[in-house]
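Data first, discussion second: the structure below is written as structure tokens.
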Amino acid sequence: MFASYYKFKKSKTKTVQSAINRGYQEIQNRPLYTQSFKDSIAHFLTLRLLEKNNKKIYLQIKKSLNKRHKIHEIENRTVISAVLDTYLTKQLYKHKKISKKKRDYLLKKNQQKLNRGLEQSIDQNYWYAETNKKDFSVHYHTLTAYMLMFYGDLTKDDYYLNIAHEMTENIRKLSFKNGFLEAKIGTRPIGLGAQTYLMLGLLNKRFNYKDYNVYLKYSKHRFFSDPNYPNRLEFHSTKENTRPKYHDDIGFSLIAEIAQINKQIKKTKLKKHPLFLKNKISDYQDNRFTIQNLGGIIKVNDKEYKLGSFGNWSKIVKIEKE
């Protein structure tokens, strides 16, 4: 992921190649059964970085693909690896590294892996929740929807696009009028990064919401405020007067690379207007959430979230039952 930041700088060609070689060697020195979603990401970005055919890396990817579809991972990792490995399989076939029979086999196995991940994490109302569908997460809900959008466009399968669309509609129900999302509505992580808002902007663009730029605009300047690492994207804590705990630049690079592939969102531009989401004020209820979104105040189950100063955090008040 580090190398992907320099792919358009000719002066950094040696840096990129060195990073690819180090990554290749690190994976090569481990047994294949350790392959995981991180290696799917590494191979995906490596293939995007290669300017010419590299036999040893193609061979490593081929060997890994034969193992990865068998590995059981937690919900979101299952989805990520299945989707990225579908892209890798198609690319290997395109460059005549595998046969049509092998391609069809791997595509089928990765679709089965993807479906397994969705069965574990997506409920009947299109909310993402992990740990036996108990724990909702704003970030991983968005990431799963984004991956499903990519997969649906990659395979031209409306079934997965429809799930991604419904999940996008759901996350809009939890969004403040300025595009801000309170991470504490769900569980991990404790904050949200620019990656989340980039995905939300692109998802909304893909599904024809004209206010998609509200999410993109939100991510524009807010994620470089870590005084220790001022040039790194951060996971911005949604708790007032707290500092960021994690960094987000590596994840952002993955989402940006996917956007470069998907023709449906590739030419997305940031616009000046509108400044606020065009959500209609309405009540929503299902077996997981009771939501009342008033734009600057969102009531979710037994808590009220009020948008704070600068739109970077929200004040949380427990709603007392009458």
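Read-outs throughout are calculated quantities, based only on the coordinates presented, and are distinct from any laboratory measurement. Fair warning: this is a prediction, and the values are worked out from it, not measured in the lab. Backbone-built Cβ (ideal geometry, glycine too); neighbour counts: all protein chains shown.
Listed values for segment 40-55 are Karplus-derived 3J(HN,Hα) couplings in whole Hz (6.51 cos²θ - 1.76 cosθ + 1.60, θ = phi - 60°), namely 4, 5, 4, 5, 4, 5, 4, 4, 6, 8, 5, 8, 8, 4, 10, 4, and x replaces Gly and Pro.
Charged side chains reduced to their Cβ positions (Lys and Arg at +1, Asp and Glu at -1) give segment 1-100 a dipole of some 540 debye around its Cα centre.
Taking Lys and Arg as +1 and Asp and Glu as -1, the other residues whose beta-carbon sits under 12 Å from that of residue 285 total +1. Label zone of residue 22 (point 7 Å out along Cα→Cβ, amide N under 20 Å): in segment 217-239 this covers 229-233.
3J(HN,Hα) couplings calculated from phi for segment 103-114 with the Karplus curve 6.51 cos²θ - 1.76 cosθ + 1.60 (θ = phi - 60°) are, in sequence order, 4, 4, 5, 5, 4, 5, 5, 6, 5, 4, 5, 4 Hz; Gly and Pro show x. Taking amide H as placed 1.01 Å from N in the peptide plane, the amide H of residue 233 sits under 5 Å from that of 248, 249, each at least 5 places away or on another chain. Here the residues 268, 86, ranked from fewest to most Cβ neighbours within 10 Å of their Cβ, fall in the order 268, 86. Nearest 10 degrees is fine. How inclined is helix 13-28 to the longest principal axis of the chain, computing both from alpha carbons? For helix 13-28, the angle is close to 80 degrees. Computed from these coordinates, which is P(r) over Cα pairs in 20 Å bins from 0, in percent: [x] 31, 57, 12, 0; [y] 29, 55, 15, 0; [z] 32, 60, 8, 0? Among [x] 31, 57, 12, 0; [y] 29, 55, 15, 0; [z] 32, 60, 8, 0, the one calculated here is [x].
Please name which of 247, 279, 183 has its Cα lying farthest along the dipole of segment 137-322 towards the positive end, using unit charges on Cβ (Lys, Arg +1; Asp, Glu -1) and the Cα centre as origin. Checked the options; the winner is 279. Taking amide H positions as modeled 1.01 Å from N, with prolines and chain starts lacking one, no residue 5 or more places away or on another chain lies under 5 Å from residue 191. Can you tell me the length gained on complete extension of the stretch residue 309 to residue 287, counting 0.36 nm per residue apart and subtracting the Cα distance? Length gained between residue 309 and residue 287: 4.7 nm. Arranged from fewest to most other beta-carbon atoms within 10 Å of their beta carbon, 69, 141 become 69, 141.
The angle between the Cα long axis of helix 249-261 and the longest principal axis of the Cα atoms of the chain comes to about 70 degrees, rounded to the nearest 10.
Placing dummy labels 7 Å off each Cα toward the beta-carbon, the span from residue 157 to residue 9 is 3.9 nm.
Considering only 88, 37, 69, and ranking their Cα positions along the charge dipole of segment 1-121 that arises from unit charges at the beta-carbon of Lys, Arg, Asp and Glu, the one farthest toward the positive end is 88.
Could you compute the net charge surrounding residue 230? Neighbours are other residues with a C-beta less than 15 Å from the C-beta of residue 230; K and R count +1, D and E count -1.
Details: positive: 222, 232, 243; negative: 226, 234, 248, 249.
Every neighbour counted, the sum reads -1.
Only four residue types carry charge here, +1 at the Cβ of Lys and Arg and -1 at the Cβ of Asp and Glu. Report the dipole size of the chain about the Cα centre in Debye, rounded to the nearest 20. Working shown, then result.
Numbers: 63 positive and 30 negative charges, 382 e Å.
Approximately 1840 debye in magnitude.
As a check on your grasp of the helix formula, calculate [θ] at 222 nm for the chain: sum -39500 (n - 2.57) over DSSP H runs of n ≥ 4, divide by the residue count, round to the nearest 500. Numbers along the way, then the final one.
Working: 10 runs with 151 residues, N = 322.
Result for the chain: -15500 deg cm²/dmol, rounded to the nearest 500.
Charge tally around residue 82: other residues with Cβ under 10 Å, Lys/Arg +1 each, Asp/Glu -1 each, net +3.
Got a sec? How would 181, 161 order by Cβ neighbour count within 10 Å, fewest to most?
Working: 181 26, 161 20.
Going from sparsest to densest Cβ surroundings: 161, 181.
Report the FRET efficiency, 1/(1 + (r/R0)^6), for residue 263 and residue 52, where r is their Cβ-Cβ distance and R0 is 35 Å, rounded to 0.05. Show your work: numbers first, answer last.
On the way: r = 24 Å, r/R0 = 0.69.
So, using R0 = 35 Å, E works out to roughly 0.90.
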